[in-house]
Structure formats: structure tokens, C-alpha cells
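The values are calculated or read from the model by the stated rules, or taken from the named source; none is laboratory data. Not measured: the values here are computed from a predicted model. Every residue, glycine as well, gets a Cβ built from its backbone with ideal geometry; the counts of neighbours run over all protein chains shown.
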Amino acid sequence: MHTPSSRREFIALTAAAALAGSARAQSKPAATAAAAPSGPFALDPLPYAANALEPHIDAKTMEIHHGKHHQAYINNLNTAVKASAGLEKKSLEELISGISFLPESAQMPVRNNGGGHWNHTFFWESMAAPGGVGVGGTPEDAALSAGITKAFGDFDKFKAKFGEAATKRFGSGWAWLIAKEDGSLAVVSTPNQDNPLMQGIVPNTDRGTPLLGLDVWEHAYYLNYQNRRPEYIAAWWNVVNWPAVAARLKAAGKKGK
Ligand SMILES: [Fe+2]
């Protein structure tokens, strides 16, 4: 857990927390970084107030995570695509799914920052205020429930497998539920900001369409949970937006036909 990158991340987080502490934004994202390169990518607002996921994920964590960390990935991605001819016109999905085909100098910045932008956008949309329709608990969608039962035995076994992948991811990274090309579901984990769309980066066995993703970087939970990643994971299930997951499965099925 004390790799140089996570240490740097913690230092950055501490500095960001001090900055955010002086800002009086309760439900607005923290102010975005100054002198950010303009476009082509921009930070969308969170789909809910920063305090909407409380008590499971606190407002300050959301403000820093979204307004500072996510913004930084976007700024760095914009810098990277501006430095290579032709990249500015590509969509985010084109960039991250075809990293191996990009100019060599763009590959690592796009992998880290394009991955960071895609993963975080996906993460915000994977959650919703606890107590809302279809939030937390078990999925009601028949196709999603059937896919989970078929792949893992039952919902609790899926939850255990996903939780294990998230807990055991060494250092920083993500746990994912994916739909594979044959339509079957699987749990995988990726390091840093890699994701299951990244051809040539992620092993073929771990590739597929992401349906659900959990950020287990320390910046996602440290303010509230410190080193207690398993507690963060257990609490996170209360804010999972199952209708969003079901919609992704439906879209993946259509794409495969
Ligand atoms: Fe994150």
C-alpha cells in the first residue's frame, strides 16, 4: 500500500483536503484547478449533490475526488491529446480501447489519464443516493439477476467475489463486473486506471464491457475510512445504482448482436 504512487497520491490528497477545507461548498463540487488546458475533454457535474451518498461516502471525499482528482485526469488527458496530431478528434472510448495503436509518446498518458477520466465518469454513474429506487440491496432486473446467478451461483456469492477482488487489489486500482463477448458475466480487477476496455493492456481473459466498477484508490475512501478498505467496500453496496447496471447489460447485449 506504500508504493511511491500511493504515497504521492496521499500527499496530494492531504493538500487538496486543506484547500477544500477553506472552501465553503457543501453540495457543489470543489473549484476546478486553475490554468487547466481547455478541451477537448471537460468535467461533467456529478449526477447528484456531493453529499447525496452520505453516510456511506462523505461530501468532502466526493468534492475532492470529483473536483480535484477527476479534473486532474482530464487536464492531463487534454495536454496529452494536444501533443499528438490527430488525437484531439478521437472519442474517449476510441482512445482508451486502442491505446496500443496510438503514437508511443501518447500511450502512457492516455492509459493513465484517459483511463482515469473514463473510469471516474463510469463510477459516478454507478452510484445514486441510498434509499432511491433500485439503489443498494439486490438488483431487480431479471436479465441482470439471471446473469449473476448463472455466473456466480447467487447474489451473495457474486458480492463476495467482487468484494474479494476489490480488497485484494494491491495498491491502487478497480474491481469490475463485466459482460464478456459471449454475454456471460465475470468479476475482474485492474491496476491503476486500467479498465476492461483496454485491448492490448488488460489480459484478454479480463476484457469485456464494464457493468459496474469500484474505485479502490485510497483517494476514494481515505478521509472517512483511512486504511479500512473492507469497510468502505461494505458500505459502498448501499449506493450501487442497479438500474444503471441493468441498462449497461442491456446495451451490451444489443451491441453484441
Ligand atoms: Fe478515483
Subject >> Conditions (1) surrounded by fewer than 21 Cβ atoms within 10 Å (Cβ to Cβ); (2) more than 18 Å from LEU214 (Cβ to Cβ): number failed by LEU95 >> reply: (1)
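Tell me, which residue of segment 109-140 that is outside any helix (DSSP H, G or I) and hydroxyl-bearing (Ser, Thr, Tyr) is nearest to the ligand (Cβ to nearest atom)?
Of everything passing the filter in segment 109-140, SER126 is nearest to the ligand (Cβ to nearest atom).
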**OP:** Take HIS66 and decide whether it is within 29 Å of ALA186 (Cα to Cα), at pLDDT 95 or above and outside any helix (DSSP H, G or I).
**Re:** no
Original post:
Which residue out of ALA106, ALA80 is crowded, with 22+ Cβ neighbours inside 10 Å and either of a type in the set (Asp, Glu) or more than 15 Å from the chain's Cα centre (by Cα) (or both)?
Top reply: ALA80
**OP:** Give just the number: which of (1) in contact with a Ser or Thr (Cβ under 8 Å, 6 or more places away or on another chain); (2) within 14 Å of the ligand (Cβ to nearest atom); (3) modelled with pLDDT under 95 does PRO37 not satisfy?
**Re:** (2)
Original post:
Which of the residues belonging to segment 195-246 are free of Cβ contacts under 8 Å to residues at least 12 places away in the same chain and within 15 Å of the ligand (Cβ to nearest atom)?
Top reply: TYR225
**OP:** Please determine, by comparing only the residues of segment 95-108 that are closer than 20 Å to ASN75 by Cα and either polar (S, T, N, Q) or assigned by TED's automatic domain parsing to the domain that holds ALA244 (or both), which one is farthest from the ligand (Cβ to nearest atom).
**Re:** SER105
Original post:
Mind checking which residues of segment 163-185 are surrounded by fewer than 18 Cβ atoms within 10 Å (Cβ to Cβ) and either touching a Ser or Thr at 6+ places or on another chain (Cβ under 7 Å) or aliphatic (A, V, I, L, M) (or both)?
Top reply: GLY171
Subject >> Filtered residue count, segment 48-60, keeping only those that are under 24 Å from VAL133 (Cα atoms), within 16 Å of the ligand (Cβ to nearest atom) and in contact (Cβ under 8 Å) with a residue 60 or more places away in the chain >> reply: 4
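Give segment 190-247 a look and list any residue that's basic (Lys, Arg) and crowded, with 18+ Cβ neighbours inside 10 Å, or say none.
Result: ARG207, ARG229.
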Original post:
Restricting attention to segment 136-149, does a residue exist that is farther than 21 Å from ALA251 by Cα, at pLDDT 95 or above and of a type in the set (A, V, I, L, M, F, W, C)?
Top reply: no
